[in-house]
Amino acid sequence: MGCLQAKDKEPEPPPPKEPEAKKVDPRLPFESYRQLFNMKNSWKAVGRTLTQTAKECLMRLFKAHPEYQKMHKNLAKYDDLDKLMESTAFENASLDVFNLFDEVMETSDKVDMHIATLQRAGKAHAKIPNFTANYFRDMEQPFMESVKLALGDRFTEATEKNFSLLFNYVVEQMLIGYNQAGGAPAPDSNRV
Ligand code: HEM
């Protein structure tokens, strides 16, 4: 009996510890770690054809808005789009854009680092003659179409939503730097 009682009093083993839920920085547009994880995986897949996808995106932007090509001083001289596509200057300009997204994904747990980069990039646009704030969002459709091409079947509805969230997050941060540097507002905005 005594023995049994002693056994009854044995302390319960502590419950197995819950693995600490990984947190997402609330400044990011992703609500759960799972969503961020999926986004990072999709980006990794885009990364396999980063240069090609970046060029596809910028080419689509220029086809939709030919005047934007002229605003890039290194690209203005190309009248032939095939020659432009083959040029190093075009590759570099394309990668400027996609490397920014890449940095955001690479530093998704060090948000302060990429926020500074994004705001700096936004600020650089404030100096571009004739650029207005609304131009940033003209990149959304080319961006979405180029990643869709890169991902094929993997571009699901959820993936599309994540890329749209990522794009808008990047633009919002760029706009902060752009506005702080006195960039021209959208023509229809009421900002003074
Ligand atoms: C989400 C959208 C965009 C991103 C992420 C982006 C990113 C960048 C980056 C990282 C640079 C290099 C900045 C630097 O030198 O410090 C740049 C330069 C530039 N961007 Fe954008 N950009 C975007 C949209 C646009 C749009 C819509 C235009 C349309 C005109 C544009 C025009 C330019 C021009 C003209 C330059 C300067 C190129 C030169 O040196 O001549 N950008 N952009």
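Every number in this text was worked out from the coordinates using simple rules, so none of it is lab data. These numbers were taken from a predicted model, which means no experiment stands behind them. Cβ coordinates were reconstructed from backbone atoms using ideal geometry, including for glycine residues, and neighbour counts include every protein chain displayed.
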Return a whole-number percent for the relative contact order of the stretch 54-192, with Cα pairs under 8 Å and 6 or more residues apart as the contact set. 31
In the stretch 15-68, which GluC sites (Glu not before Pro) are in a loop and have at most 14 other Cβ atoms within 10 Å, using DSSP for the loop call? Glu20, Glu31
How would the stretch 31-180 be classified by its alpha-carbon gyration tensor: rounded, prolate or oblate, with rounded meaning a/c under 1.5 and the a/b versus b/c comparison settling the rest? oblate
Ellipticity estimate at 222 nm from DSSP helix runs (n ≥ 4, -39,500 (n - 2.57)) divided over the chain, nearest 500: -19500 deg cm²/dmol
Of all trypsin sites (Lys or Arg not before Pro) in the stretch 117-192, which ones are in loop regions per DSSP and have a Cβ with at most 14 other Cβ atoms within 10 Å? Lys127, Arg191
Lysine pair count for the stretch 35-192 [Cα-Cα under 19 Å; pairs on different chains or 8 or more apart]: 23
In sequence order, what are the phi-derived ³J(HN,Hα) couplings for the stretch 45-58 according to the Karplus relation 6.51 cos²θ - 1.76 cosθ + 1.60 with θ = phi - 60°, rounded to whole Hz, with x for glycine and proline? 5, 4, x, 5, 10, 4, 5, 4, 5, 5, 5, 4, 5, 5
